[in-house]
There are 2 protein chains.
Amino acid sequence: MNVGIIGGGQLARMLALAGYPLGLRFVVLDPAPDACAAQLCDHLQAAYDDPAALEELARRCDVITYEFENVSLTGVDKIAEVTAVYPSSRSLAVSRDRLREKTLFRELDIPTPQFVAIDSFADLENAPKLLGWPFLLKTRRFGYDGKGQYLLYNAGDLQPAWQALASQSLIGESFVPFQREISILAARRKNGETAFYPLSENQHQNGILHLSRCRPDDPQTKPAENLIQRLLETLDYVGVMALELFEVHGKLLANEMAPRVHNSGHWTIEGAETSQFENHLRAILDLPLGATEPVNYSAMVNFIGALPELADLLEQPGIHCHAYSKALRPGRKVGHATVRAPTEAALEARLNHLLKLLP
Amino acid sequence: MNVGIIGGGQLARMLALAGYPLGLRFVVLDPAPDACAAQLCDHLQAAYDDPAALEELARRCDVITYEFENVSLTGVDKIAEVTAVYPSSRSLAVSRDRLREKTLFRELDIPTPQFVAIDSFADLENAPKLLGWPFLLKTRRFGYDGKGQYLLYNAGDLQPAWQALASQSLIGESFVPFQREISILAARRKNGETAFYPLSENQHQNGILHLSRCRPDDPQTKPAENLIQRLLETLDYVGVMALELFEVHGKLLANEMAPRVHNSGHWTIEGAETSQFENHLRAILDLPLGATEPVNYSAMVNFIGALPELADLLEQPGIHCHAYSKALRPGRKVGHATVRAPTEAALEARLNHLLKLLP
């Protein structure tokens with residue numbers, strides 16, 4: 001079986017590493033000559049929406065998936081006529097547009113921060129009446145790792161925020177002083193079979209995910225499963241989905257969903273019986289899903305911009321290195337490590353060691 | 001860092017799968033156009049002893065290793081002038097020749113079945129005086145999976161055995177009615193740092209490994225570690241080594257060693273904190289070795305000649321599939337599965353399920 005992946009970054013790379021043991025082969029579509037997944041997959045070097053390349057991908061592959069949301073919808077619809085594409089273009093269309101996404105949350109009674117479409121400067125001036133101060137102005141599309149966002153504290157920020165972002169479609173969102181950020185990942189197969197991972201508790205630095213801890217038996221597990229289940233069913237979803245949530249005084253607010261494997265689920269490679277990468281592949285190939293139970297206690301730390309010395313890293317017990325073989329650039333995710341330990345206390349001790357090694 | 005591997009079969013494939021997360025890249029040398037490791041590594045398609053290909057491999061790689069013993073010694077010595085090659089050509093020379101291997105065992109006081117060089121038919125006629133009946137006639141080289149062996153029960157077998165094997169250098173070995181077959185795997189780094197895996201208890205079928213169970217806390221652990229330690233030190237060994245042992249009335253007899261990752265250690269991918277593949281790479285790259293502690297209870301079952309239905313396999317809890325993407329042929333190792341479970345009893349139950357799925 002040949003699996004096509006639109007995008008050849010670290011998510012594609014880890015999908016391939018999880019999929020070779022299932023006997024799968026991989027073709028990635030990525031314009032970068034040094035796309036890190038291309039080291040271990042066949043590589044179609046072309047723009048993500050290049051019609052000829054998409055057609056070739058569809059012809060060569062039994063199923064196609066993608067590693068990010070900003071895939072051409074018309075491209076996906078075109079290849080979906082030839083080959084199965086999962087998650088569906090509807091899931092993609094919803095999740096890549098913050099306004100459509102939050103509107104769907106509202107329709108499904110999934111609590112979410114207050115939001116409003118911003119189509120003009122007048123809309124922006126009116127926004128604080130609904131959202132209060134401070135509030136966030138965000139691009140509806142192409143935002144990731146805190147990019148495409150502006151936090152406004154008072155009326156003096158309206159003009160600069162407008163200047164910074166008004167070239168794109170925008171949304172205003174109330175600013176939520178949350179106590180915790182968590183995410184839930186689930187895999188769903190076409191027949192409705194669904195597997196939920198234990199919750200991830202996440203810490204960000206400068207808008208980029210820094211640390212995710214697996215939280216088995218978290219009290220928010222059932223409420224979070226209930227929320228993501230509504231999305232999975234409504235979208236007749238196939239694949240792994242992530243839903244990011246804020247916990248505010250014990251209540252969950254949905255921040256955003258991702259129709260793909262997710263950085264906050266990287267601990268599942270060592271920390272769950274079946275990784276999110278393998279379960280995504282199983283789901284899109286309509287194979288039985290693997291167990292999602294935790295294996296000991298685990299957490300994940302991202303390497304941003306640089307990697308620790310490999311020898312220092314490997315000297316620490318229970319640390320599993322994942323270098324993406326990407327060129328090092330400030331702010332770029334270039335690797336992560338999973339820390340695993342037999343007890344929660346040992347996990348925290350190992351995590352402390354690891355954090356000291358960060359460059 | 002670039003790692004070169006002589007041989008592009010499943011061992012090279014699993015080395016690469018373990019090495020990409022360390023940020024390594026791989027070049028395999030293999031004459032087969034469809035070598036299964038070539039799906040995810042750069043591929044030099046040439047004979048294993050092709051001087052130009054070996055030279056290119058040495059030029060492109062920071063370190064070179066191999067996945068089987070029948071590598072050209074002169075080739076290895078040649079490239080070792082340019083690039084590090086581990087394990088060393090001495091380890092290779094000893095382990096690929098049953099007579100040299102057993103002679104080294106004897107020199108190191110490692111108990112082994114009685115043996116004698118067979119250089120003529122007269123030697124063969126004399127052998128039963130030393131070895132008793134039945135005894136084994138084996139080729140000194142190129143034997144694997146029970147190939148190149150003849151079990152002689154009486155004088156009537158001398159002629160047919162000689163006819164079958166006399167074109168090669170031979171060794172006679174006494175037949176050992178053992179109670180158990182076990183193997184021990186160890187990784188050793190240049191500075192002498194050594195890590196031992198828990199013992200594997202092995203079952204063969206038709207001369208081919210069928211099933212290996214991880215046996216933590218086995219009473220033979222210390223004795224087995226003591227035996228392999230002598231080999232590792234004498235050979236100043238670098239990499240993973242396997243030593244196959246027979247248990248006879250509570251005593252261990254060394255059967256053979258392998259200067260490489262070994263089929264009986266495949267359970268380490270899920271069943272040990274660090275797999276044999278990752279530790280082999282760490283050892284040859286002079287990086288700290290990873291912990292070898294077991295992760296829950298595990299066992300490995302080989303798929304010979306055919307694979308079970310993937311959907312049937314993945315439906316079973318705790319089963320991890322490793323398909324090698326090789327053409328299916330009778331007697332050929334085409335994949336394996338690791339079974340992992342939280343208790344020994346659950347492991348045996350899951351193993352029973354798995355064995356029922358074998359084609």
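The residue in chain A that lies nearest, by its beta carbon, to the axis linking chain A with chain B is given here with the distance in whole angstrom as A:L40, 2. Put in line by how crowded their Cβ is, counting other Cβ atoms within 10 Å and starting with the fewest, B:D218, A:D109, A:D62 read A:D109, A:D62, B:D218. Placing +1 on each Lys and Arg Cβ and -1 on each Asp and Glu Cβ, with no other charges, gives chain A a dipole about its Cα centre of roughly 200 debye. Peptide A:305-311 is shielded by partner chain Cβ atoms: per residue, an average of 2 of them sit within 10 Å of its Cβ.
At 37 °C and a viscosity of 0.692 mPa s, what translational diffusion coefficient does Stokes-Einstein give for region B:180-357, taking Rh as the Kirkwood radius over Cα pairs? Give it in µm²/s as a whole number. Answer from the Stokes-Einstein relation: 198 µm²/s.
In µm²/s, what is D for region B:71-163 at 10 °C and 1.306 mPa s, where D = kT/(6 pi eta Rh) by Stokes-Einstein and Rh is the Kirkwood radius from Cα pairs? Using the Kirkwood radius from Cα pairs, D works out to 105 µm²/s.
Across every direction, the projection of the convex hull enclosing the Cα atoms of region B:2-85 has a mean area of 4.6 nm². Taking amide H as placed 1.01 Å from N in the peptide plane, the amide H of B:E293 sits under 5 Å from that of B:E273, B:T274, each at least 5 places away or on another chain. Copy-to-copy label distances for A:G156, where each label lies 7 Å from Cα along Cα-to-Cβ, are 10.7 nm in order of increasing length. Helical content alone sets the calculated 222 nm signal of the protein assembly as shown at -9000 deg cm²/dmol, taking -39,500 (n - 2.57) per DSSP H segment of four or more residues and averaging over every residue.
Report, in listed order, any pair from B:K147/B:K333; B:K222/B:K251; A:K102/A:K222; A:K78/A:K147; A:K222/A:K251 with a Cα-Cα distance greater than 19 Å. In this structure, A:K102/A:K222; A:K78/A:K147 exceed 19 Å between Cα atoms. The phi-based Karplus calculation (6.51 cos²θ - 1.76 cosθ + 1.60; θ = phi - 60°) puts the 3J(HN,Hα) values of region B:279-293 at 5, 4, 5, 4, 5, 6, 9, 6, 9, x, 6, x, 4, 10, 4 Hz, whole numbers, x for Gly and Pro. The other copies place their B:G192 label points at 6.5 nm from this one, listed shortest first, where each point is 7 Å from Cα along Cα→Cβ. Electrostatic bookkeeping for B:R180 treats Lys and Arg as +1 and Asp and Glu as -1; over the other residues with beta carbon under 13 Å from its beta carbon, the sum is -2. Taking chain A as a Gaussian network, Cα atoms linked when under 10 Å apart, which of A:P160, A:P259, A:P134 shows the biggest mean-square fluctuation? Evaluated over chain A, the most mobile residue of the options is A:P160. For B:D218, nonlocal amide neighbours, meaning residues 5 or more places apart or on other chains whose placed amide H falls under 5 Å from its own, are B:L199. What the phi angles of region A:244-256 give under the Karplus curve with 6.51, -1.76 and 1.60, with θ = phi - 60°, is a coupling list of 8, 10, 9, 9, 10, 6, x, 9, 9, 10, 7, 8, 7 Hz, glycine and proline written as x. Rounded to the nearest Hz, the phi-derived 3J(HN,Hα) couplings of region B:174-191 under the Karplus curve 6.51 cos²θ - 1.76 cosθ + 1.60 (θ = phi - 60°) are 5, 7, 10, x, 7, 8, 8, 10, 10, 9, 10, 10, 9, 10, 9, 9, 3, 6, where x marks glycine and proline.
Distant-in-sequence amide contacts of A:A84, defined by a placed amide H-H separation under 5 Å and a gap of 5 or more residues or a different chain, comprise A:I64.
Inter-copy label distances at B:S120, using a point 7 Å along Cα-to-Cβ, come to 10.9 nm with the shortest given first. Please label the shape of chain A as rounded, prolate or oblate, based on the square roots a ≥ b ≥ c of the eigenvalues of the alpha-carbon gyration tensor (a/c under 1.5 means rounded; beyond that, a/b larger than b/c means prolate, else oblate). Note, shape of chain A comes out rounded. Expressed as a fraction of 2.2 N^0.38 Å, the value expected for a compact globular protein of N residues, the C-alpha radius of gyration of region A:114-174 is 0.96. When the Gaussian network model of chain B links Cα atoms closer than 10 Å, the mean-square fluctuations of B:Q276, B:Q163, B:Q229 top out at B:Q163.
Given Cα positions, please report Rg to Rh for region A:161-232, the hydrodynamic radius being the Kirkwood one. Computed over Cα atoms, the ratio is 1.09. Peptide A:283-293 is shielded by partner chain Cβ atoms: per residue, an average of 3 of them sit within 10 Å of its Cβ.
Evaluate the Debye formula for the protein assembly as shown with equal point scatterers sitting on the alpha carbons, no solvent, and hand back log10 of I(q)/I(0) at q = 0.05 Å⁻¹, in q order, two decimals. Log-scaled intensity ratios, in q order: -0.28.
Each value in this text was obtained by applying a stated rule to the coordinates, not by laboratory testing. Worth saying up front: this structure is predicted, and the values here are computed from it rather than measured. FYI the Cβ positions are ideal-geometry reconstructions off the backbone, even for glycines, and counts take in every protein chain you see.
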